[in-house]
Amino acid sequence: MTFHTLGLSTELLRAVNDEGYTTATPIQQQTIPAILQGHDIFASAQTGTGKTASFTLPLLQRLNLSSPEKSYRHPRALILTPTRELSAQVGDSVTTYGKYLTLKSAIVYGGVGFVPQVQALKRGVDIVVATPGRLLDHLAQKTIDLSQIEIVVLDECDRMLDMGFIHDIRKILAKLPVSRQTLMFSATFSPAIRQLADTLLNQPVQIEVAPRNTAAEQVEQIVHPVDRDRKRELLSHLIGFNNWKQVLVFTRTKHGANRLAEQLAQDGLKATAIHGNKTQSARTRALNDFKQGKVRVLVATDVASRGLDIDQLPHVVNFELPNVPEDYVHRIGRTGRAGHAGRAISLVSKDENSLLQGIEQLLKRKLTTDVILGYEPTASSQLQAKGQPDQQRSKKRRGGQRQTHSASSPYRGKNSTATGNRSRKQPRPV
């Protein structure tokens, strides 16, 4: 189905065409007509399926049809997001698709100056994209008036609940007109999300374009068992030996992200870290450098597991598995976006076996296990679930060599002449 069949205006179709899009994704096909008809929406879709455009395009059209002629405008649409990065990217989407319209927008989030945001709001805007905390600051300072809001979008609702924003959201929604159109988007339809939807939405159209908590089908998922103290060494080897140009690596902690980025830099790999303790300007600079290829490895905590929109990102690495299985799905959703292929690598030590089992239970399948030659864990068998096929385990060959790759391994044959000696020096990353 093309965008021309969805009822969008000429100006919006022109902007979509400028971006090189012609065929609408399943979430866009179902959501855009329903929003244009004025329905409340309760939607769930995998990350990377075009969700942002599915609400941005019809929102712009509805506002444009009723655009006031007054020079000063109170906001008429509010888009709430859980993170600064997601706010910035949604704001960019509003600007991109609305470039042939006269609508104005502003992005409001913490970590940057308050005064420039106040000045932008004073000039008058139609659309505000905001994080809950900074928006509440503006409401407390009376620098924003939400009494004219016609459409409110709650993006990544499950993430906002996980981050403890539920009370902030309710405070904000209490400031909005009762007669409004409300659009809720979530990666999951958890009981908590359904309960929130019941209290906020009026006879919503429910849309679900992917099974709950599933990973994108185009993402190849591989587990590399390895001892914890050799994870960094293996990561450097994989990046350098396979000449990966762009890699997003996830750690559990901010300190761990900083330390890993420094260690990778010492290995000769251009790397930087992004997490909540970084200033917003530093986070924005790191992300831009990564997108532009100035930095080869971006090490991130789960603050970056949602909202990072990087075109054709080929590799995501879980340096440490997340404590919550659902976060694994969000992490690997940074690759394999918009129909492109991607690969998600997890470096798993034996103490993370229970976390791996939780992820596999969520996905309802076993992940492919591939032991890398020279990095065999001291207890690799502990990563093998009961009854898992033996062909995924390391096999000894004549002459002391080991065949460690399955037939489906992406690394098969690349280092088949190396021996199984753990002390053998590996090729230095390039």
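Quick grid of which residues meet (1) modelled with pLDDT of 90 or more; (2) out of contact with any Ser or Thr (no Cβ under 7 Å at 6 or more places or on another chain); (3) not acidic (D, E):
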residue: F185; (1), (2), (3): yes, yes, yes
residue: L200; (1), (2), (3): yes, no, yes
residue: E208; (1), (2), (3): no, no, no
residue: P211; (1), (2), (3): no, yes, yes
residue: T214; (1), (2), (3): no, yes, yes
residue: V223; (1), (2), (3): yes, no, yes
residue: L234; (1), (2), (3): yes, yes, yes
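If the condition is being among the basic types (K, R) and out of contact with any Leu (no Cβ under 9 Å at 6 or more places or on another chain), then region 231-262 contributes K245, K254, R259.
Being among the charged types (D, E, K, R), under 23 Å from G276 (Cβ atoms) and modelled with pLDDT under 95: is that true of R159 here? Don't jump to the end; show me each part of the working.
Values: among the charged types (D, E, K, R): yes; under 23 Å from G276 (Cβ atoms): yes; modelled with pLDDT under 95: yes.
Spelling it out, R159 is indeed among the charged types (D, E, K, R), under 23 Å from G276 (Cβ atoms) and modelled with pLDDT under 95.
Criterion applied to T404, T378 was being modelled with pLDDT of 60 or more, of a type in the set (S, T, Y) and within 14 Å of P225 (Cβ to Cβ), and the one residue passing it is T378. Residues in region 121-173 that are closer than 12 Å to A77 by Cα and hydroxyl-bearing (S, T, Y): S147 alone. The listed residues are R62, R14, R73, R84, and the only one of them that is in contact (Cβ under 8 Å) with a residue 40 or more places away in the chain, closer than 16 Å to L154 by Cα, among the basic types (K, R) and not assigned by TED's automatic domain parsing to the domain that holds N277 turns out to be R84. Residues in region 150-195 that are in contact with a Cys (Cβ under 7 Å, 6 or more places away or on another chain) and either of a type in the set (V, I, T) or part of a helix (DSSP H, G or I) (or both): I193 alone. Pairs linking a residue in region 120-133 that is farther than 21 Å from S66 by Cα to a residue that is of a type in the set (K, R), with Cβ atoms under 8 Å and 6 or more positions apart or on different chains, are T131/R84. Determine whether I144 is part of a helix (DSSP H, G or I), β-branched (V, I, T) and buried (at least 20 other Cβ atoms within 10 Å of the Cβ). So I144 does not fit the description; no. The strands (runs of 3 or more DSSP E) found entirely in region 14-121 include none that carry 1 or more residues being farther than 30 Å from D327 by Cβ, under 17 Å from the mean Cα position of the chain (by Cα) and modelled with pLDDT under 90.
Yes or no, residue by residue, for (1) closer than 24 Å to D168 by Cα; (2) surrounded by 21 or more Cβ atoms within 10 Å (Cβ to Cβ):
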{"residue": "A53", "(1), (2)": "no, yes"}
{"residue": "R62", "(1), (2)": "no, no"}
{"residue": "T95", "(1), (2)": "no, no"}
{"residue": "I107", "(1), (2)": "yes, yes"}
{"residue": "V128", "(1), (2)": "yes, yes"}
{"residue": "D137", "(1), (2)": "yes, no"}
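Among residues of region 27-44 that are more than 21 Å from R194 (Cα to Cα), those with a beta-carbon under 7 Å from a residue that is of a type outside the set (A, V, I, L, M) and part of a helix (DSSP H, G or I) at least six positions away or on a different chain give the pairs Q28/S54; I32/S54; I32/P58; L36/P58; L36/Q61; L36/R62.
The values are calculated or read from the model by the stated rules, or taken from the named source; none is laboratory data. What you see is a predicted model, and the numbers here were worked out from it, not measured in a lab. Please note: Cβ atoms are built from the backbone with ideal geometry, for glycine as well, and neighbour counts cover all protein chains shown.
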